[in-house]
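Report on the following structure.
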Amino acid sequence: MGKDINWFELWFDDKESMLNTMVKNMASDLNAGYDYFGDCIKRQTEAIANYKAEFDRQLMSFADMDEGKRNRWCYYDLLRRGAIIR
């Protein structure tokens, strides 16, 4: 685990990027003519809301962590999700 890397910032950017991608994909579907009230858009809206809620929950859990513990947690989460490799 690189000591000079701010794993929290990398984790935050990765989560934010995923959320932005989800929103852009849904917007593209709507621009392509998908029904705003159709099942596809409803599922995407629900997935975005769930992802955002989990992101917020994880951010709140960091309030009780010191910087070292938070960076360690973020590193292992990035590794577990395949966002980084060893």
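The values are calculated or read from the model by the stated rules, or taken from the named source; none is laboratory data. As the structure is a computational prediction, the values presented were derived from the model and not from experiment. Quick reminder, even Gly has a Cβ in these numbers, built from the backbone with ideal geometry, and neighbours come from all protein chains shown.
Here's the yes/no breakdown for (1) under 19 Å from the mean Cα position of the chain (by Cα); (2) at pLDDT 95 or above; (3) under 30 Å from ARG86 (Cβ atoms):
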position	(1), (2), (3)
ASP4	no, no, yes
ASP13	yes, yes, yes
THR21	yes, yes, yes
TYR34	no, yes, no
ALA47	yes, yes, yes
GLU54	yes, yes, yes
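Residues are listed down the side, and each one gets a yes or a no for (1) in contact (Cβ under 8 Å) with a residue 24 or more places away in the chain; (2) under 13 Å from ASP14 (Cα atoms); (3) of a type in the set (D, E, K, R):
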site: ALA47; (1), (2), (3): yes, no, no
site: ASN50; (1), (2), (3): no, no, no
site: ARG57; (1), (2), (3): no, no, yes
site: SER61; (1), (2), (3): no, no, no
site: ASP64; (1), (2), (3): no, no, yes
site: GLY68; (1), (2), (3): no, no, no
site: TYR76; (1), (2), (3): no, no, no
site: ARG86; (1), (2), (3): no, no, yes
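If you check ASP14, ASP35, ASP4, ASP29, which single one turns out to be outside any helix (DSSP H, G or I), charged (D, E, K, R) and surrounded by 10 or more Cβ atoms within 10 Å (Cβ to Cβ)? The match here is ASP35.
The lone criterion from (1) loosely packed, with under 15 Cβ neighbours inside 10 Å; (2) touching a Phe, Trp or Tyr at 6+ places or on another chain (Cβ under 6 Å); (3) among the β-branched types (Val, Ile, Thr) left unmet by ILE85 is number (2). Of all residues in the range 1-53, those that are more than 23 Å from ASP77 (Cβ to Cβ) and either touching a helix residue (DSSP H, G or I) at 6+ places or on another chain (Cβ under 6 Å) or among the hydroxyl-bearing types (Ser, Thr, Tyr) (or both) total 6.
Only one of the numbered conditions (1) free of Cβ contacts under 8 Å to residues at least 24 places away in the same chain; (2) of a type outside the set (Val, Ile, Thr); (3) surrounded by 10 or more Cβ atoms within 10 Å (Cβ to Cβ) is violated by ARG80, and that is (3).
Go through the residues of the range 38-53 one by one and say whether even a single one is in a helix (DSSP H, G or I) and within 23 Å of ASN6 (Cα to Cα). Yes: one or more hits.
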